[in-house]
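This report concerns only the one structure given below.
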Amino acid sequence: MLSEETATEIWEQVRAQLKVEAGNTVFENWLSLLNLNSYANGEVIISVQSRFHKDWIEPRYGNRLKTLWLSHNKKIKNVSLVIDESLSNRVYKKNIAEESAILGFSSPLDVSYTFEKFVVGPSNNFVAAAAQRISDTDEVSFNPLVIYGGVGLGKTHLMHAIAWRIKSNNPKRKVVYLSAEKFMYQFVRALREQDTMGFKEQFRSADVLMIDDVQFIAGKNSTQEEFFHTFNALVDQSKQIIVSSDRSPADLEGIEERLRSRLGWGIVAEIHQTTYELRLGILQSKVADIKNCEIPKNVLEFLAHKITSNIRELEGALKRLVAHSQLVGRPVSLDSAYDVLHDLIRANNRKVTIEEIQRKVAEHFSIRLSDMSSARRARAVARPRQIAMYLSKQLTSRSLPEIGRTFGGRDHTTVMHAVSRIESLILEDSSVADDLELLKRNLDN
Ligand code: ADP
Ligand code: MG
């Protein structure tokens, strides 16, 4: 899969090559007008402002464009040229320069991330409503909109959907969408090239600024500072800001207080964990787009039931099933789903808690549960405690300090020591390995 970063980079290189091959005049008059519009599933779409331009460019450079893209990335299936009239609305030269400068900062949008393809359920209806509301009016009624939630739950999809909708409602509004990581990258580059004025001006001429995954700038002080100033400048001019984050502003560590509080001024909307109905709804909508492959209803229900972690994984599971069925030439069935997705289903099953682990381990070694957190150091309790710490590290997503806290407020280095101790014991002592095997199986059910 082509990431937006790579797509933009390839496009830069393709442009540079075209410039060399076609010469400055042709490049300036024709080829420089091409814009990277979007990329998705190996489809690259390049836009140009009119049929006149398309008819000139396509026969002369259409194939070359495709070859150049392919030479950078073999996964690209097609490169097509489309007409985007909004490009011709620009009042010539000056505006083109301005606009392309800002579009250079903006990342391309995925064509499949639209509101039409965004399935709404109880876990995301509030955030979806806020997103629609912002897209459908030019007035700024709340600022910023902060969308937060775990990975793979649709934050980026919604951001792109807002950008598409705003652009189609009013092509004149300048929408800048980029990740916080790219924001930082651009900022650092501006510093290096001593062009921070240019950087500021470009961002501040946006009508709508969208920054994805803002948690990335946590702890990066000068980037935060710059973002804060850009933020304030835009808010003062009544420009819309939309931000996404993997946690709520209140939980963002390493973010300055003044920025955190600014983030809370508008609407803070959470995308919650999915429900069964939403997962099924999403699968049904994705299946409608899949050609040449029938997926029985019970398989969809099975997936919605079993793959609960996030939507990206759910989609991945569906794709794997389809690919497998096409590869072996057999229809998708409940059996094949079991086979192909075994590892995913296992990973999704694992919702073991540290408390459960402590309980099972204490039972297994016939010690008291309270000894998991006690200060006793006798081997008969210390070893099982280490085993429980080891299992907690392996089977839960808890961090070492969190695990330490649950074991009577121990330090994370104690947990680290326990983990490496057990790791070496597994190799030395087969009874330890057997105990662990048994405990794991026990915990899995
Ligand atoms: P995030 O940015 O929160 O990590 P993404 O927006 O990248 O998540 O979503 C992951 C995948 O799940 C994308 O392919 C997206 O299209 C899909 N997805 C997420 N939420 C929905 C939804 N409500 N309806 C349809 N597809 C969704
Ligand atoms: Mg994302």
Inset, instruction - Please find, among Lys286, Lys291, the residue that is under 24 Å from Val111 (Cα atoms) and either buried (at least 16 other Cβ atoms within 10 Å of the Cβ) or in contact with a Gly (Cβ under 6 Å, 6 or more places away or on another chain) (or both). - result: Lys286
Legend entry - Boolean, Ile96 is modelled with pLDDT of 80 or more and either touching an Asp or Glu at 6+ places or on another chain (Cβ under 6 Å) or of a type in the set (A, V, I, L, M, F, W, C) (or both): no
Legend entry - Lone qualifier among Glu9, Glu85 - being among the acidic types (Asp, Glu), without any contact (Cβ under 8 Å) to a residue 12 or more places away in the chain and out of contact with any Leu (no Cβ under 6 Å at 6 or more places or on another chain): Glu9
Inset, instruction - Only residues that are part of a loop (DSSP other than H, G, I, E, B) and at pLDDT 90 or above: list them for the range 289-309, please. - result: Ile295, Pro296, Ile307
Inset, instruction - Go through the range 310-358 and count every residue that is among the hydrophobic types (A, V, I, L, M, F, W, C) and not in a helix (DSSP H, G or I). - result: 3
Inset, instruction - Tell me which of these Asn298 doesn't satisfy, since it passes every other one: (1) without any contact (Cβ under 8 Å) to a residue 40 or more places away in the chain; (2) surrounded by 13 or more Cβ atoms within 10 Å (Cβ to Cβ). - result: (2)
Inset, instruction - Could you give me the residue pairs with C-beta distances under 6 Å whose first residue belongs to the range 264-286 and is aliphatic (A, V, I, L, M), whose second residue is surrounded by fewer than 17 Cβ atoms within 10 Å (Cβ to Cβ) wherever it lies, and which are 6+ apart or on separate chains? - result: Ile267/Phe142; Ala269/Phe126
Inset, instruction - Return the only residue of Leu439, Leu400, Leu369 being modelled with pLDDT under 95, under 34 Å from the mean Cα position of the chain (by Cα) and hydrophobic (A, V, I, L, M, F, W, C). - result: Leu400
Inset, instruction - Could you list, in sequence order, all residues of the range 229-244 that are crowded, with 17+ Cβ neighbours inside 10 Å and of a type in the set (A, V, I, L, M, F, W, C)? - result: Phe231, Leu234, Val235, Ile241, Ile242, Val243
Inset, instruction - Looking for whichever is exposed (fewer than 15 other Cβ atoms within 10 Å of the Cβ) and out of contact with any strand residue (DSSP E or B) (no Cβ under 6 Å at 6 or more places or on another chain) here; the options are Ser135, Ser141. Which one fits? - result: Ser141
Inset, instruction - Filter the range 129-169 down to residues that are among the β-branched types (Val, Ile, Thr) and over 21 Å from Thr230 (Cβ atoms) and give me whichever is farthest from ligand 1 (Cβ to nearest atom). - result: Thr137
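The values are calculated or read from the model by the stated rules, or taken from the named source; none is laboratory data. Note that the structure is predicted; figures quoted are calculated from it, not measured. Quick reminder, even Gly has a Cβ in these numbers, built from the backbone with ideal geometry, and neighbours come from all protein chains shown.
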